[in-house]
Amino acid sequence: MIEKKDVDLEKAVLVGIVTKDQDEEKLKEYLDELEFLTFTAGGYAIKRFTQKMDMPNPKTFIGSGKMEEVKHFVDENDISTAIFDDELSATQERNISKILGCKVLDRTNLILDIFAQRAQTSYARTQVELAQYEYLLPRLRGMWTHLERQRGGIGMRGPGETEIETDRRIVRDKIALLKDRIKTIDKQMAVQRGNRGKLVRVALVGYTNVGKSTLMNVISKSDVFAENKLFATLDTTVRKVVIQNLPFLLSDTVGFIRKLPTQLVESFKSTLDEVREADLLLHVVDISHPNFEEHIASVNKILGEIESSDKPTIMVFNKIDAYEPEPFEEDELDEERTKKHYTLEEWKSTWMSKIGNNALFISAINKSNIDDFKKRVYDEVREIHVTRFPYNSFLYPDYEETQ
Ligand SMILES: Nc1nc2c(ncn2[C@@H]2O[C@H](COP(=O)(O)OP(=O)(O)OP(=O)(O)O)[C@@H](O)[C@H]2O)c(=O)[nH]1
Ligand SMILES: [Mg+2]
């Protein structure tokens, strides 16, 4: 999937384990995603190491034999970073870096690093910095101290770089300070949101890289940064959109991912206010992704964590242009036909029967079905709008196909 085009990419190995909750196929999916995360952070995953175990080793996460194998590979191939798919404890991290003699990161660390790289505004930077300090606090002692931290690169951006010798008290003070700063910005933002009046608010939500920003650009004629890397968007963008002559506010925000570090959900709570305060959610899904149903479940879980599960929601299945069912050969007839063999039509009828009118199938890139999409959003927004502005609802006649 990812080719080594850029010689500057850091060489990394990925490590994951097969457990009773996570079979081989699941692990492959997780490691595919970890590889994409590594690439987004500026790395190149050369090899994967996996091990079957009942539970992770408390000292070194994987077993000693496997660790030897990893060490051998790291030494032979001049690997700079070993990335573990699950969160490592401070002890594990310390022991593993001692053995491997290279940088050791976990998924949380990697995601935090990408966020640090991508944060554009001072607000986003403050939130990321807070999450990084919260991550650092319980791991302060012995974190990479025996390595030359000056080497920089993945996992080295942010507070860890300069503050390594600081004690917990200083970090705690810093956390308190950042929280205060966020509180002040929150107040300003709440005022801004208040000033927007009572216009209906619609929020695009969804897993990272599903096409939220692309869709935002298509319907609001704005220019939000979209690209094929994870977490292209960190800050929330809000645009006033008018469909027919019905105005509403549309927001695009940070994408979700499974195993999202709790520190991040916590410190991005304010960014997610836009979602929490929305009247209508457009849950965008990349139907061309083999694990899209799992993505939906992760997004729903995070929506639950920010108390936004009960909002009216339209499921927007995007990238229908790229959807391809797995081919089903004649000689496989005795095998069971599973969801990966579904045609797009079968997916449509499955979801339509589940949530009826609230499922839409589009391609934001090709602009297919965008008129249907607009009409559906229009109908929903109009319903909310007329309850809020009962006296001038006549200004907004029913949507006409001529749009
Ligand atoms: N094939 C196909 N690709 C699409 C479609 N819509 C978006 N993409 C591509 O998917 C990638 C991600 O798009 P974005 O709009 O950045 O996705 P996002 O959901 O905003 O991602 P984050 O901000 O990272 O959460 C880009 O490379 C887009 O060009 C579509 O309808 N079909
Ligand atoms: Mg985006």
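Throughout, read-outs are computed from the coordinates displayed, never taken from laboratory work. Here the structure is a predicted model, which means the values were calculated and not measured. In this analysis, Cβ positions are derived from the backbone assuming ideal geometry, glycine residues included, and neighbour counts consider all displayed protein chains.
With semi-axes defined as the square roots of five times the eigenvalues of the C-alpha gyration tensor, the equivalent ellipsoid of segment 10-114 measures 18, 17, 13 Å, largest first.
Pairs spanning more than 27 Å between alpha-carbon atoms, out of LYS11/LYS269; LYS259/LYS375; LYS47/LYS269; LYS212/LYS339: LYS11/LYS269; LYS259/LYS375; LYS47/LYS269.
Taking 28 Å as the cut-off for C-alpha to C-alpha distance, list the pairs among LYS28/LYS66; LYS221/LYS340; LYS28/LYS221; LYS221/LYS301 that go past it. Flagged as over cut-off: LYS221/LYS340; LYS28/LYS221; LYS221/LYS301. Between ALA322 and LYS187, the modelled label-to-label distance comes to 4.4 nm, taking each label 7 Å out from Cα in the direction of the beta carbon. Using C-alpha pairs under 8 Å with a sequence gap of at least 6, the mean separation divided by the residue count of segment 10-114 gives a relative contact order of 35 percent. Distance between the modelled labels on ILE99 and GLU277, one decimal in nanometres: 5.0 nm (7 Å Cα→Cβ projection).
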